[in-house]
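Notes to accompany the following structure.
What follows draws every value from the coordinates through simple rules; no lab data is involved. Here the structure is a predicted model, which is why all the values come from computation and not from measurement. Cβ coordinates were reconstructed from backbone atoms using ideal geometry, including for glycine residues, and neighbour counts include every protein chain displayed.
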Amino acid sequence: MSKAFALIQEGLQIFADNDPNLERNIKIARAVNNAHSSYTELYKEKVSPPVPRPAAQRQIKKRKTLTYAEKLEVVKKINGGKSKRAVALTYGINVSTIREIEEARRVAGRGFDETTYRLS
């Protein structure tokens, strides 16, 4: 395609060199360039690599699973006064995971009512 574009430009230059009417020459050059503009776009897409979309640039973070012992340490650190954010950064997890661990601890800490078979 690049050879074809070069030949078109070469042909337009021959017309420009031999045509004393500058207005006509510009009008023809513009018409020819407009006529093959879709091929020019196609050529640019082939030559230049596609721009990656932002989602394609992001790396997917692998899910981290804490052991039971680590979850107990998380609860102890939070009860000891450390912020949820600091604990989350220490373990490489999200703050929402810390909240889930806390909630599970609260639920597990409640008594079990055997008459209703539910947590009280």
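Of the peptides 17-26, 93-102, the order by per-residue mean of other Cβ atoms within 10 Å, starting with the highest, comes out as 93-102, 17-26. Sorted fewest first by neighbouring Cβ atoms within 10 angstrom, ARG105, ARG30 come out as ARG30, ARG105. With 13 Å as the cut-off, how large is the P(r) tail for segment 2-54, expressed as percent of Cα-Cα pairs? Counting pairs separated by more than 13 Å, the tail of P(r) holds 65 percent. Listed from fewest to most Cβ neighbours within 10 Å, the set TYR39, TYR91, TYR68 follows the order TYR68, TYR39, TYR91.
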